[in-house]
Structures are given as C-alpha cells and as structure tokens.
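A quick write-up on the structure given underneath.
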Amino acid sequence: MADLPATTVQRSQLARRMAVLMAFGFLALLAVGYAAVRVMQRNEVHTRLVEHTFRVENAVLDTRRLIEQSETARRGFMLMPSRIVTLNTFRRTQDELDRTLSRLGGLISDNPVQSRNLQSLRLQLANLTARRLRSIALVERGDQRGALMLFADDGEVRDLRTIRYLLDRMAAAERRLMTYRDQELRASERLFYAIIVFAGGLLAVVATISLVTILSYTRDIARSEEALQALNVGLEDMVAARTADLTRANDEIQRFAYIVSHDLRSPLVNVMGFTAELETAAGSLGALLDRVEADAPELASEEARLAAREDLPEAIGFIRASTQKMDRLINAILQLSRQGRRALTPEKIEVAAMVTQIGETLSHRLSEADATLSVEGELPMVVTDRFALDQILSNLIENAVKYLRPGVPGRITVSGRRERDRAVLIVRDNGRGIDPRDHQRVFDLFRRSGAQDRPGEGIGLATVRALVFRLGGTIDVASTLGQGAAFTLSLPLVLPHQEIAA
C-alpha cells in the first residue's frame, strides 16, 4: 500500500504541471490574440490609407480628364460656333470640374504638400478658365478671328502645361504614397503570418509537453494500477467475510438485547408483584395502627406511626416508580430490537400527505400547546418504508411539540427539496433549542439534553437515528439555545436494493 501515497503525490504534481502548462498556453494565446488584433487594426488602417490614395489618384485623373474635355469642347465651339452642343459640354464639364476640385481638396486636406499643389492648380485653372471664357465670349459676339488670336497666345499654352505638370506631380506624390503604404500593408501581412506561425509553434510545443507529461503519468498510473490489483487480490472476499461477520455480530447484538430485555422483565415482574403485596401489607399495618391508636394509644409509638404512615408508603412509591421506569426502558430496548429485525417494505409515499396525517393525529396536543404544524413548499416523493418514515417524522414532530417554549406560540414547519438522487427533509421549530455541545449526544440511547422537566426516557431520537440509518439516510441537527432546532434528514429517493432485502 506504500504506492498509494506516491500515486497521490504524482497526481498532485501532474495537476500542478498541467495547470502551469495550461496557464502558459492561455497567456500565450492571449498575447497572440492581442498581437493579431493589433496587426489587424494596422491592416485596416493601411487598407483605408491605400483606398484613400486610390481615391486621390482617381480624383487627379478625373481633374485631368475634365480639363482636357473642357478644352476640347471650347476648341470645337471656336471652330464651329453653330454647334451649341459643344458649348453646353464645356459648361457642364466646368461645373463637374469645380465639384471634382472640391472633392480633391477634401481628400488631400491632411497632406500639406498636396494642398499646396492644389492651391497652385486652382490659380492656374483660374487664369486658364478666364482666357477660355473670354474666347467663348468673343465667338458668341461673332469675333471668331479675335477668339482664335487669343487662343494662339503663348500664355494659355504655358498655363495648360503648368496645370499638366502640377497634375503629374500630384499623381506622382500619390504613387509614392501608394508604394509606401503598400509596403506597410505587406509588412503588416508578413507580421500577421509570422505571429500565426509563432502561435502555432508555441501551441505545438505546449501540446507536445502536455502529451509527454500525460503519457508519462499514464504509464505511472498503469504501473500503480498493476500494483494495486496485486495488493487487492482477494479484497472482495475479505470485504464479504467482514460484512458477514458484522451481520452476525449485529444479529447477535439484537438477539442479546432481546434476551436481556426478556430476562430482565421476569425479575421486574416479581419486583412489581412483591411491591403490590408490600402495598397491601402496608395498608393492613395502617389499619392495625388505627385500631391500636383507638383502643390503646399508649402502645402506638411515634416511630411506628412514621414507619406505617410515611416511610413505608414512600419507599413503596419509589420502588413502584423505579420499576415503571425500568419497564419503559425494557420496552424501549425491545422496540429498538424489533426495528432492527423488521423487514422493510418500500412503497411510493407522498411525504406532505404523511405530515398532514401526523398533524391530524397530534391535533389535540398541538392545540393544547398553542402550536401549528405546516408544510412549506413542495415536499419530494420517496419510495421507502412507510412505517419507518412515519415513526421518524412522528418522533421529530412530537419532540418539537414537547419542547416548545412556554408562553410562545409554537411554529413547527416541515420543508424539503430534492438533491440529485436524494430527498432532504427539514423539521424546524421555534422551541427552546438544544445546546450545541449536545447536538450529537441527543441521538444516543437514554441520553437527554437540557432541563429534565418533560416525561421521556431518551429513546425517541435514538430510534429516529436507527430508522434513518436503516433507510440508507443520515440525520443532523442545527440549533441554538432559545432559538429552536432544525433536524435535517437526507434519504434516498428510492430505498436501495440491499436495504430492501434486509
């Protein structure tokens, strides 16, 4: 059996090791998750920046396209003034150009370099647009020659070249930004994949260590089980033999209790018979003393009077009280002996209905004690021995009625609940309570707690505990002096097979 503590130590060490590994793996996962989130956030930022760069580039291209379209429309109108369509195209293109420039300004507002480029572009466009409008006005007045001369002016060509140069510079700046942001995006992606690979490797290491630890522990467990099986060869036979010994011992104790109580009753009956004869003789002596006092009072001494009229009746009273108490104790022993031998008969029982029936039986005593008995909540149904459960609940409720506090209305409640395969019943009262030092001794045979001002032999709770044990349950008490008591029963919902067979 020396291997068992070692196995316990190994199990404890394994538990600590696995806890450390799991904690390490969990922290690693948290760190990897945090890093992954941060990388994803960076990717989102870079993606938005790349998208923003594309939008700026598109706006620059749209600006270039609109400038060229408006210039083409103006030239077409100057060559063919009769085509109003070209003039409308010019004006529509100019309006769209204004909106595109506004959109471009909003997109590059956070870029000082591009903002300066746009400001220069607006100045050049303003000059170009002014010349275009003057040439169109000349054509509309019929001065097509003047418009062509204005168009041939080198200043307009320079403005257009400057505008194209500014647009090229803005597009180049965005392409540089695009290249830089694309590199950052790719770097973030590489970092994300590196974190994933690192996390996978870390988890693989943790899993490998855990697997090795578990396999090692499994081998140790297998060796321990082999040793345990070797130690436990024949253990079931030993348990069966000891159980048989205990059963025989219990039967012997019950037979002994029955025989002792039966043998004690025979001399007790003799004592009670002789007590009755002594009582009759004492009556005869008393009558004789009365006649002597009437006929010859000088013959009746004071000692004779005391012996016949006080001492002898008092002694007979003590003997009778003692024999009656002995008779009750013998009956209690016989009752316990019979309870141990009685075959249990399980049946489905509604505990609430049983409590109500007990209350009806004790209604007179409850009324005299100014007490009430009630059921709180829903009590679970059980399959057990009806007589035993009735004895248990009756004894507990009668005890509660017996030990109520004088002058205080009694409240006795029975509540319960179901806990997996067991029924828990609680009998609670507001009586005078039990000293915490006596919580266990009150279940002992012939042991009582507190002031002995109530009739009883200390057999009720002992009987309750014996019956509860026979039903496969447990009983406990919680109480404080002056604050009542609560007896808690825990019984199986269904009486176990071995108890039924007993």
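By a 1.4 Å probe calculation restricted to protein chains, residue 27 has an accessible surface near 110 Å², given to the nearest 10.
Measuring only protein heavy atoms, the 1.4 Å probe finds residue 149 accessible over about 130 Å². Look at where the Cα atoms of region 389-404 and of region 62-76 average out, and the two centres are 108 Å apart. Relative contact order for region 343-492: 23 percent, from Cα pairs under 8 Å spaced at least 6 residues apart, divided by residue count. Backbone phi angles across region 165-170, fed through the Karplus curve with coefficients 6.51, -1.76 and 1.60 (θ = phi - 60°), yield HN-Hα couplings of 4, 5, 5, 5, 5, 5 Hz in residue order; Gly and Pro are listed as x. By a 1.4 Å probe calculation restricted to protein chains, residue 193 has an accessible surface near 140 Å², given to the nearest 10.
Couplings for region 483-492, taken from phi via the Karplus curve 6.51 cos²θ - 1.76 cosθ + 1.60 with θ = phi - 60°, read 10, x, 9, 9, 9, 10, 9, 10, 10, x Hz in order; Gly and Pro are left as x. Once both labels are positioned 7 Å from their Cα atoms along Cα-to-Cβ, the gap between residue 348 and residue 205 label points is 6.3 nm.
The values are calculated or read from the model by the stated rules, or taken from the named source; none is laboratory data. Because the structure is a prediction, the values reported are computed rather than measured. Here the Cβ is made from the backbone with ideal geometry for all residues, glycine too, and neighbour counts use every protein chain on show. Each accessible area value is taken on the protein alone, full model and side chains, heavy atoms only, with ligands, DNA and RNA left out. Shrake-Rupley method; radii C 1.70, N 1.55, O 1.52, S 1.80 Å.
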